[in-house]
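> First the structure, then my questions, so here it is.
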Amino acid sequence: MTIQQLRYVIGIAESGSFNKAAEKLYISQPSLTSTIHDLENELGIMIFSRSGRGVTLTQDGEEFLSSAKQLYLNYETVMERYKSGAEAKKKFGISTQHYSFALKSFVEMVKRFNTNEYEFAIRETRTKEVIEDVASLKSQIGILYLSDFNRNIIQKLLNVRNLEFHPLIDCKAYVYIWKGHPLAKHETISFEKLADYPCLSFEQDDNDSVYFAEEILATQEYHRTIKTNDRASMLNLMVGLNGYTLCSGIISEELNGDDYVAVPFRESDKNINRIMEIGYITKKDFIMSKVGTIYIEEMKKYLKIEK
């Protein structure tokens, strides 16, 4: 098995066609087909299922593709360190729950590189998609949190997907509201005070909405709930409906503006303020690229974490 064969498998999987992949890889279609046949014979598996509509990955092929992407990305990382003058744009992406510090750190990281040489991507998305993006190496790094409520469920999923969690910071819940909210000047806010206002929540898959929720106290039965899937809509709903959400309290005014405040959540015997352990996930035994290392450095700098 060669690095070139790994590159060919990745190219075919992305194109969904031997012909399209051959064009992008600058190789003849017969040569590409022959190379993949040789690889399949060597591995003793069928990687692609061929049909008149194109090619799809077999179950063995999906497992192999995940390993191939990791091997090829590690190869590119090594070459990035020791080889200059590479022609193709290097790719780097992260997937994250909706944290402004993750976006701010991404901005600072990108400033340190030439965007003519790199293709950057940041994906604010659902919790499960953060995990799947990193598992498939669509993103090198994923940002999410664990708590005593969701830890077992998420950790099992990480183990199955061959991922590991790296903790960054622990924090308790804050009530995030706009500065014109009737409760904005309170020193702390309890659930009882929030009863008359809608809770704003980032939408997850229905079957997993509790364990994969971004809001730390997701087990609480909210009387009023409005779901959204992006941060801009949530901020608008805070102003328009006096809505609130529960967050880490780590807010970037530079990105979100200064029209919002984070007020400490006041816990009670019934409503305990759980600890959020925010961190990042990667593939196990993953060789972090230079870009990824700098992104992690920027997160730690923003969060004021000692190196």
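The values are calculated or read from the model by the stated rules, or taken from the named source; none is laboratory data. Computed from a prediction, not measured in an experiment: that's the story for all the values here. Neighbour counts run over all protein chains shown; Cβ positions are idealised from the backbone, glycine included. When the accessible area is computed, the model is the full protein with side chains, heavy atoms only, and any ligands, DNA or RNA have been set aside. Shrake-Rupley method; radii C 1.70, N 1.55, O 1.52, S 1.80 Å.
> Does any residue in the stretch 36-48 that is over 19 Å from G16 (Cα atoms) come within less than 9 Å, Cβ to Cβ, of a residue that is open to solvent by less than 70 Å² (accessible area, probe 1.4 Å) six or more places away or on a different chain, and which pairs are these?
Sorted first by the residue in the stretch 36-48, then by its partner, the pairs are D38/Q5; E42/Q5; L43/F64.
> So which residues in the stretch 17-63 are within 25 Å of I131 (Cα to Cα) and either open to solvent by less than 30 Å² (accessible area, probe 1.4 Å) or β-branched (V, I, T) (or both), if there are any at all?
Those that are within 25 Å of I131 (Cα to Cα) and either open to solvent by less than 30 Å² (accessible area, probe 1.4 Å) or β-branched (V, I, T) (or both): I47, F48, T56, T58, G61.
> Could you grab the pairs with beta carbons closer than 8 Å, sequence gap of 6+ or different chains, first residue in the stretch 170-190 and surrounded by 16 or more Cβ atoms within 10 Å (Cβ to Cβ), second one among the polar types (S, T, N, Q) and assigned to a strand (DSSP E or B)?
V175/T245; Y176/T245
> If you don't mind, another one. Has the stretch 122-136 got any residue that is hydroxyl-bearing (S, T, Y), more than 13 Å from the chain's Cα centre (by Cα), over 17 Å from E277 (Cβ atoms) and open to solvent by less than 50 Å² (accessible area, probe 1.4 Å)?
No, every residue in the stretch 122-136 fails to be hydroxyl-bearing (S, T, Y), more than 13 Å from the chain's Cα centre (by Cα), over 17 Å from E277 (Cβ atoms) and open to solvent by less than 50 Å² (accessible area, probe 1.4 Å).
> Check K104, K90, K24, K128 and return the single one that is farther than 30 Å from E214 by Cα, touching a residue at least 12 places away in the same chain (Cβ under 8 Å) and touching an Asp or Glu at 6+ places or on another chain (Cβ under 8 Å).
K90
> Among the residues of the stretch 1-15 satisfying the criterion of being in contact (Cβ under 8 Å) with a residue 60 or more places away in the chain and surrounded by fewer than 17 Cβ atoms within 10 Å (Cβ to Cβ), which is nearest to T58 (Cα to Cα)?
R7
> Oh, and also: Could you grab the pairs with beta carbons closer than 7 Å, sequence gap of 6+ or different chains, first residue in the stretch 58-79 and touching a residue at least 60 places away in the same chain (Cβ under 8 Å), second one open to solvent by 60 Å² or more (accessible area, probe 1.4 Å) and of a type outside the set (V, I, T)?
Listed by first residue and then by second, the contacts come to Y72/R7.
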